[in-house]
Amino acid sequence: MNIDVSSLVVEYRNGSYTTRPLDDFSLKATSGELVLLLGPSGCGKTTLLSSLAGILRPTSGSIRVGDTEVTALTGKALERYRQETVGVVFQSFNLIPSLSALENVDTPMLAAGMGARKARDRARSLLAQVALEDRERHRPGDLSGGEQQRVAIARALAHDPPLILADEPTAHLDHVQVDGVLRLLRGLARPGRTVLVSTHDSRIVPLADRVIDLAPKVRRRNGAAKSTELSRGQVLFEQGSVGQEIYLVEAGKIEVVRGGDVLASYGPGEYFGELGPLLGFPRAATARATRRSVVHALSVAEFKRRIGSKRPGDLVRPLR
Ligand SMILES: Nc1ncnc2c1ncn2[C@@H]1O[C@H](COP(=O)(O)OP(=O)(O)O)[C@@H](O)[C@H]1O
Ligand SMILES: [Mg+2]
């Protein structure tokens, strides 16, 4: 299935402020490809996949999957698209805990009106495809994370969809399990089917036919220096992420927000990034551009060099 996303904009309005994780975003993928959407937390991976899945209606732009304009679908046609055209695999598996592996896989087929025996047979063969034929009767709680994700993949394949969307499918898995899940996803990309996988883990890159970098754009100057361009509403880093850098605003305006409250805003010449990176803590708030902005990323060591004898706390305000 060919995918053509063009000039996509998704905007979230939260009271007084707007986040725009996707701003004039375009992407083309062809049948048989495995496409990797790469970028840190908050860059819009889930937003993009939800738009492709027909779960989220974008603010503007177009999403074509085969001959279908997804943004134009409504009612029954949209329901059918979600059910038959896309198979979705989530970070957190989303299996039903009280049902066996087999029941988790046959449920969507029964819901779509398939006869019980046919659904069961198909569920069996799908579980065999993900090498779980000996786990049919296990409940999710009795399976490892990797096995649960394979059940979720089998479920996503219920209607043999031409488009598979996997949102950070390996985020909750350990090393050994990641491998099996990735190999499975790789195998699903074949003529007639396209697989999109989002991840913040760049180790997955070698697996992909095509890599789309959703991270804010970084320009390198003079080797080490990095500046990042942000469009209006774009997120630079998100609360809870672990950041190694402190930023200097070159142009524009950056707001630091938590729970809908603006904690601080920074203009040209100002540093931000809180004390988290200095102390190795996760970010306590989200930073996003309120207009087109350019920021300069500094390592803690560079930052300390620049400010010389001044105390970091004098320049980088801690966020309460
Ligand atoms: N329903 C929502 N309402 C408001 N903001 C949202 C919503 N969903 C996501 N966002 C914001 O949009 C940005 C992108 O989020 P998301 O697509 O989940 O990124 P990712 O999956 O790459 O971590 C983040 O800043 C996030 O906080
Ligand atoms: Mg996400």
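Suppose we filter Arg82, Arg122 for residues that are touching a Gly at 6+ places or on another chain (Cβ under 6 Å) and closer than 14 Å to His159 by Cβ; which single one remains?
On inspection, the qualifying residue turns out to be Arg82.
Please go through the range 12-60 and give me each residue that is crowded, with 16+ Cβ neighbours inside 10 Å and of a type in the set (Asp, Glu), ordered by number.
Asp23, Glu33
Matching residues to (1) of a type outside the set (Ser, Thr, Tyr); (2) within 16 Å of ligand 1 (Cβ to nearest atom); (3) under 23 Å from Leu157 (Cα atoms):
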{"residue": "Asp174", "(1), (2), (3)": "yes, no, no"}
{"residue": "Val195", "(1), (2), (3)": "yes, no, yes"}
{"residue": "Ser198", "(1), (2), (3)": "no, yes, yes"}
{"residue": "Leu207", "(1), (2), (3)": "yes, no, yes"}
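Given the criteria assigned to a loop (DSSP other than H, G, I, E, B), assigned by TED's automatic domain parsing to the domain that holds Ser202 and not basic (Lys, Arg), does Leu78 qualify?
Here the answer is no, as Leu78 does not meet what is asked.
Which one of the conditions (1) outside any strand (DSSP E or B); (2) of a type in the set (Asp, Glu); (3) closer than 26 Å to Asp23 by Cα does Glu229 fail to meet, given that it meets all the rest?
(1)
Taking the options Val70, Val89, name whichever one is in the same structural domain as Gly145 (by TED's automatic domain parsing) and free of Cβ contacts under 8 Å to residues at least 24 places away in the same chain.
Answer to the check: Val70.
Give the range 39-55 a look and list any residue that's within 12 Å of ligand 2 (Cβ to nearest atom) and of a type outside the set (Val, Ile, Thr), or say none.
Gly39, Pro40, Ser41, Gly42, Cys43, Gly44, Lys45, Leu48, Leu49, Ser50
Would you check which residues across the range 7-30 are among the acidic types (Asp, Glu) and within 15 Å of ligand 1 (Cβ to nearest atom) and list them?
Those that are among the acidic types (Asp, Glu) and within 15 Å of ligand 1 (Cβ to nearest atom): Glu11, Asp23.
Go over the candidates Lys226, Lys253 one by one and state the one that is surrounded by fewer than 19 Cβ atoms within 10 Å (Cβ to Cβ), modelled with pLDDT of 80 or more and more than 13 Å from ligand 1 (Cβ to nearest atom).
Exactly one residue qualifies, and that residue is Lys253.
Residue check, Arg64 against (1) within 10 Å of the chain's Cα centre (by Cα); (2) more than 10 Å from ligand 2 (Cβ to nearest atom), all met but one. Which one?
(1)
Would you mind stating whether Ala166 is closer than 25 Å to Gly44 by Cα and either outside any helix (DSSP H, G or I) or more than 29 Å from the chain's Cα centre (by Cα) (or both)?
Working: closer than 25 Å to Gly44 by Cα: yes; either outside any helix (DSSP H, G or I) or more than 29 Å from the chain's Cα centre (by Cα) (or both): yes.
So Ala166 fits the description; yes.
Check Asn14 against each of (1) farther than 27 Å from Glu79 by Cβ; (2) in contact with an Asp or Glu (Cβ under 7 Å, 6 or more places away or on another chain); (3) away from ligand 2 (no atom under 15 Å from the Cβ) and name the one condition it does not meet.
Tallying (1) farther than 27 Å from Glu79 by Cβ; (2) in contact with an Asp or Glu (Cβ under 7 Å, 6 or more places away or on another chain); (3) away from ligand 2 (no atom under 15 Å from the Cβ), Asn14 fails exactly one: (2).
Could you figure out which of (1) hydrophobic (A, V, I, L, M, F, W, C); (2) surrounded by fewer than 18 Cβ atoms within 10 Å (Cβ to Cβ); (3) in contact (Cβ under 8 Å) with a residue 24 or more places away in the chain isn't true of Ala77?
(3)
Does the range 98-123 hold any residues that are basic (Lys, Arg) and either surrounded by fewer than 17 Cβ atoms within 10 Å (Cβ to Cβ) or over 23 Å from Gly141 (Cβ atoms) (or both), and which are they?
Arg117, Lys118, Arg122
Tell me yes or no: at least one residue of the range 31-40 is near ligand 1 (Cβ under 10 Å from one of its atoms), part of a loop (DSSP other than H, G, I, E, B) and modelled with pLDDT under 95.
There is at least one residue in the range 31-40 that is near ligand 1 (Cβ under 10 Å from one of its atoms), part of a loop (DSSP other than H, G, I, E, B) and modelled with pLDDT under 95.
Within the range 273-294, can one find any residue that is out of contact with any Lys or Arg (no Cβ under 8 Å at 6 or more places or on another chain), among the small types (Gly, Ala, Ser) and at pLDDT below 85?
Among the residues of the range 273-294, at least one is out of contact with any Lys or Arg (no Cβ under 8 Å at 6 or more places or on another chain), among the small types (Gly, Ala, Ser) and at pLDDT below 85, which makes the answer yes.
The values are calculated or read from the model by the stated rules, or taken from the named source; none is laboratory data. A quick note: this is a predicted structure, and the numbers were derived from the prediction, not measured. For neighbour counting, all protein chains shown are included, and Cβ atoms are generated from backbone atoms with ideal geometry for every residue, glycine included.
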